[in-house]
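Engineer: Following this message is one structure expressed as structure tokens.
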Amino acid sequence: MFFAQLKNELWKLFGKKRTYIGFGAFVLAQAVMLLMFKYTHWQSRLEQLLAQNGYLAADYISALTVALVMLWPQIALLMPLYVTLVGGDMVAKEVEDGTLRMILSRPISRLRLLLVKWLAGVVFAAVLVLALGVIALGFARLYFPWTGMFVFPQPNSTFGLFPPDQGLVLYIFSHLFMVVNAVTLLSLAFMFSCFNMKPAAATILALSFLFVNVVIQHIPFFEEYQNWFITHHLECWYWVFQQPVQWPQILQSVLTLLAASATAFLIGAMGFQVRDIKS
Amino acid sequence: MMISLQQVQKKFGAQIAVDDLTLVVPRGEIFGLLGHNGAGKSTAIGMMLGQVWPTRGEVKVCGFDVTIQRTRALQQVGAIFETPAFYDYLSGRRNLEILSHYTAPTSPERIRQVVDWVGLTGREQSAVKTYSHGMRARLAIAQALLPAPELLIFDEPGSGLDPEGIAEMRQTIARLHRELGLTILLSSHLLGEVEQLCTRIAVLNHGRKVFEGQIADIKAARGRVLLKTPDFGTAVALLRERGIITGAVDGKSVVLHEGRTTAEAARILVEANIPVEGIWLREQTLEDFYLDLVKAAAPAADRN
């Protein structure tokens, strides 16, 4: 029964045109990034940077390098927007449309209903991130060779250079952590969605929470308190490209994000349990 | 008892939506729940379905306390709401599968049977967004019937339907009761429909129950006498003076005193040379009864 209910939630999610419009927007953004990289000064500047450091551009301007470049604006902008949009819709939209009243006239507990909905959201987030990773790499491979990977420098670190096999493994790992990011963002919006508010309000609240986190995180006073900010932990996907890889730090962030997701779910479930569902 | 509410109260903040409501719906009945907009009907139904938590009191459905054993209480309950909401982008059949799985696994054969019963065969694979209002209403009945319920709750099922749709809905409810032996709770504004379908009613006014009883008793209650005469005012004055009537209503009817008959009234008028073109006892309609009841309850509500 549980899996039948989960399957049905996925039907609802993937049966909507909007889901594919969102995917389409991502693919379009990737294509734009690819073209910008290829046809603006971006590529030549990267070639210069590599040459200044004694590397051959041909060895590192590759499908893997460009795929990662293509992902950046999506991770920073599109993914939070889209995932919180879907998360904000999951409960609040059903209340707004009246379908939740139909569901709650049936003998399913509210907690179980939320659990299948949230799990469907988790599946959606995973499919979204993994599909984007594959599509980005596929697009980039159309125009760029399969050679080494260049990764732009991170704070307190130099740029990274990896052979193609290692680059691919790190690319895959980074996407696994990105799935955790997406689940956290979705859970945040899902939590607000469980309370009595419009779907858009749930999305806006989740995005506002992230925005406030980013702003406070970057105030110098809070430099020593980075671990308290969820947006700091959301960067963990990129830390896999540091050499050597700081696995304990990444693991700590992943666990923090998973705990934040579970907490958001529980708060949402408690709010949903006590609220009255009216037409 | 299929539904039992004992001294139930529901507050939304400071506002009391339902107050001290005690209601019993026996098995096998078509029970009507009447009341103006905001009278508390939907809140009461929400509490029966575990969608709205009561502030005080006990709500039992199929013998189980909804607040404690909601899933057991709703195992054999179906509900149909004012505007049936579906996943419009999915097919009717997919909607039925989704909704039925919240109760129990449902076989394709059972879905086919129910689709056939409501007359949607041939359209079940179409997206719900292509359905007419009437078809959506039929789909709503289908989803409610899938778990083979013993109790069906209708919350304003006729809203938005055209006269043909309302007649169809009435016939369907009668069929559900006759062919499947279901207990039905019908909340509606359509007094004519309630009068034709229900065996028993309760009337809510400003969250309080102001009446509960049999439809047959309401109809049999002492009614009004329709008096057709060219000089209605003189006739009323004379009959009142002779102690035959208590008063006149709506300019064409009079209300007889206890123990008085239309024959007496006619004789007095004829003897006084007031032409009587017609005089007959009008059976009290549910509408008359309801409006009188609400009118009588209004001052009390205003005082509160």
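The values are calculated or read from the model by the stated rules, or taken from the named source; none is laboratory data. A quick note: this is a predicted structure, and the numbers were derived from the prediction, not measured. Positions of Cβ are generated from backbone atoms using ideal geometry, with glycine treated the same way; all protein chains shown enter the neighbour counts. SASA here: full protein model, heavy atoms, side chains in, ligands and nucleic acids out. Shrake-Rupley method; radii C 1.70, N 1.55, O 1.52, S 1.80 Å.
Engineer: Between B:Gln171 and A:Trp228, what FRET efficiency comes out of the Förster formula 1/(1 + (r/R0)^6) with R0 = 56 Å and r the beta carbon distance, rounded to 0.05?
Structural biologist: FRET efficiency, A:Trp228 to B:Gln171: 0.30.
Engineer: Using 25 Å as the Cα-Cα cut-off, could you pick out the over-long pairs in A:Lys16/A:Lys198; B:Lys219/B:Lys252; A:Lys17/A:Lys278; A:Lys117/B:Lys41?
Structural biologist: A:Lys17/A:Lys278; A:Lys117/B:Lys41
Engineer: Could you order A:Tyr39, B:Tyr87, A:Tyr55 by accessible surface area, starting with the largest, using a probe radius of 1.4 Å?
Structural biologist: Largest accessible area first, the list is A:Tyr39, A:Tyr55, B:Tyr87.
Engineer: Same structure again: Spin-label point model (7 Å from Cα, Cβ direction): what's the B:Thr22 to A:Glu96 distance in nm?
Structural biologist: It is 4.4 nm.
Engineer: Would you mind checking which residues have amide H under 5 Å from B:Gly57's amide H? H placed 1.01 Å from N; only 5 or more apart, or other chain.
Structural biologist: Sorted by chain and number, the residues that satisfy this are B:Gln9.
Engineer: For region B:160-304, take the convex hull of the Cα atoms, compute a quarter of its surface area, and give me that in nm², please.
Structural biologist: 11.9
Engineer: Can you figure out the FRET efficiency of A:Gln243 with A:Thr40, using R₀ = 35 Å and their beta-carbon distance, to the nearest 0.05?
Structural biologist: Once rounded, the FRET efficiency stands at 0.75.
Engineer: Here is a follow-up. With chain B treated as a Gaussian network of Cα nodes joined by springs under 10 Å, which of B:Leu182, B:Leu151, B:Leu226 yields the largest mean-square fluctuation?
Structural biologist: For chain B, modelled as a Gaussian network with Cα springs under 10 Å, the answer is B:Leu226.
Engineer: When the Kirkwood hydrodynamic radius is evaluated over all pairs of different C-alpha atoms of region B:1-82, what value in angstrom, to one decimal, is obtained?
Structural biologist: Evaluated on region B:1-82, it is 12.9 Å.
Engineer: Can you give the Rg to Rh ratio of chain A, both from alpha-carbon atoms, with Rh computed by the Kirkwood formula?
Structural biologist: So for chain A, dividing Rg by the Kirkwood Rh gives 1.02.
Engineer: Against the longest alpha carbon principal axis of chain A, how many degrees, from 0 to 90 and to the nearest 10, is the axis of helix A:247-274 turned?
Structural biologist: 20
Engineer: Residues with beta-carbon under 10 Å from that of B:Gly35, excluding B:Gly35: net charge, scoring Lys, Arg +1 and Asp, Glu -1?
Structural biologist: That sum, taken over residues with Cβ under 10 Å, equals +3.
Engineer: So what is the diffusion coefficient of region B:92-175 in µm² per second by Stokes-Einstein at 25 °C and 0.890 mPa s, using a Kirkwood Rh over Cα pairs?
Structural biologist: Stokes-Einstein gives a translational diffusion coefficient of 187 µm²/s.
Engineer: Find which of A:Gly167, B:Ala140, B:Val236 sits farthest along the positive direction of the dipole of the protein assembly as shown, computed with +1 on the beta-carbon of Lys and Arg, -1 on that of Asp and Glu, about the Cα centre.
Structural biologist: My answer, from the dipole projection, is B:Ala140.
Engineer: For region B:3-218, what is the convex hull (Cα atoms) projected area averaged across all directions, in square nanometres?
Structural biologist: 11.6
Engineer: Additional query: Quick one: work out the % antiparallel among DSSP beta bridges in chain B, nearest 5.
Structural biologist: 65
Engineer: Turning to a different aspect of this structure: Work out how much length B:Glu212 to B:Glu258 would gain on full extension: take 0.36 nm times their residue separation and subtract the Cα-Cα distance, in nm to one decimal.
Structural biologist: 14.2 nm
Engineer: Nearest 100 Å² is fine: how much accessible area is buried between B and A, summed over both sides, with a 1.4 Å probe?
Structural biologist: Accessible area lost upon association: around 3100 Å².
Engineer: Need one value for B:97-106: mean number of C-beta atoms belonging to other chains within 10 Å of its residues' C-beta atoms.
Structural biologist: Taking the mean over all residues of the peptide, I get 6.
Engineer: Okay, moving on. Return the calculated 222 nm mean residue ellipticity for chain B, to the nearest 500 deg cm²/dmol, obtained by summing -39500 (n - 2.57) across DSSP H runs with n ≥ 4 and dividing by the residue count.
Structural biologist: -11000 deg cm²/dmol
Engineer: Positive end of the dipole of the protein assembly as shown, charges at C-beta (+1 Lys, Arg; -1 Asp, Glu), about the Cα centre: which of B:Leu269, B:Gln69, B:Ile16 has its Cα farthest in that direction?
Structural biologist: B:Gln69
Engineer: Mean separation of Cα pairs under 8 Å and 6+ residues apart, divided by the residue count of chain A: what relative contact order is that in percent?
Structural biologist: 24
Engineer: Could you work out which residue, out of A:Gln249, A:Gln166, A:Gln52, moves most in a Gaussian network model of chain A, that is, has the largest mean-square fluctuation with Cα springs under 10 Å?
Structural biologist: Per the Cα network of chain A with a 10 Å cutoff, A:Gln52 tops the list.
Engineer: Here's another thing I want to ask about it. Based on the Cα atoms of region B:222-283, what semi-axes does the equivalent ellipsoid have, where each is the square root of 5 times one gyration tensor eigenvalue, given in whole Å with the largest first?
Structural biologist: Semi-axes from the Cα gyration tensor: 15, 12, 11 Å.
Engineer: With chain A treated as a Gaussian network of Cα nodes joined by springs under 10 Å, which of A:His218, A:His175, A:His232 yields the largest mean-square fluctuation?
Structural biologist: Sorting by GNM fluctuation, first place goes to A:His218.
Engineer: A further question follows. Scale the Cα Rg of region B:20-67 by the rule-of-thumb value 2.2 N^0.38 Å and send over the ratio, two decimals.
Structural biologist: Compactness ratio reported: 1.15.
Engineer: If the viscosity is 1.306 mPa s and the temperature 10 °C, what translational diffusion coefficient in µm²/s does Stokes-Einstein give for region A:39-196 when Rh comes from Kirkwood over Cα pairs?
Structural biologist: 89
Engineer: Between B:Val276 and A:Ala4, how many nm apart are label points set 7 Å from Cα along the C-beta direction?
Structural biologist: Output for this residue pair reads 6.9 nm.
Engineer: While we're here: Starting at the first residue of region A:70-83, write each ³J(HN,Hα) from the Karplus equation 6.51 cos²θ - 1.76 cosθ + 1.60 with θ = phi - 60°, in whole Hz, x for Gly and Pro.
Structural biologist: 5, 7, 3, x, 6, 5, 7, 10, 5, 5, x, 4, 6, 5
Engineer: Ok, one more. Using only Cα atoms, tell me the angle between helix A:2-14 and the longest principal axis of chain A; keep it within 0 to 90° and round to the nearest 10.
Structural biologist: Compared with the principal axis, the helix lies near 60 degrees.
Engineer: Can you tell me the orientation of helix B:108-118 relative to chain B, as the angle in degrees between its alpha-carbon axis and the longest Cα principal axis, to the nearest 10?
Structural biologist: For helix B:108-118, the angle is close to 20 degrees.
Engineer: If N is the number of residues in the protein assembly as shown, what value comes out of its Cα radius of gyration divided by 2.2 N^0.38 Å?
Structural biologist: 1.36
Engineer: Additional query: Taking θ as phi - 60°, what are the ³J(HN,Hα) couplings along region B:46-57 by the Karplus curve (6.51, -1.76, 1.60), each to the nearest whole Hz, with x for Gly and Pro?
Structural biologist: x, 5, 5, 9, x, 9, 10, 8, x, 6, 8, x
Engineer: From the phi angles alone, apply the Karplus equation (6.51, -1.76, 1.60; θ = phi - 60°) to region B:284-293 and give each ³J(HN,Hα) in whole Hz, x where the residue is Gly or Pro.
Structural biologist: 5, 8, 5, 5, 4, 4, 5, 5, 4, 4
Engineer: At 7 Å along Cα-to-Cβ for each site, give me the label-to-label distance between A:Phe221 and A:Gln166 in nm.
Structural biologist: Modelled inter-label distance: 4.2 nm.
Engineer: With every protein chain left in place, what is the accessible area of A:Arg141 in Å² (1.4 Å probe, nearest 10)?
Structural biologist: Looks like 110 Å² after rounding.
Engineer: Kindly provide the Kirkwood hydrodynamic radius of region A:191-275 in Å, to one decimal, from all pairs of distinct alpha carbon atoms.
Structural biologist: Every distinct Cα pair counted, the radius reaches 14.5 Å.
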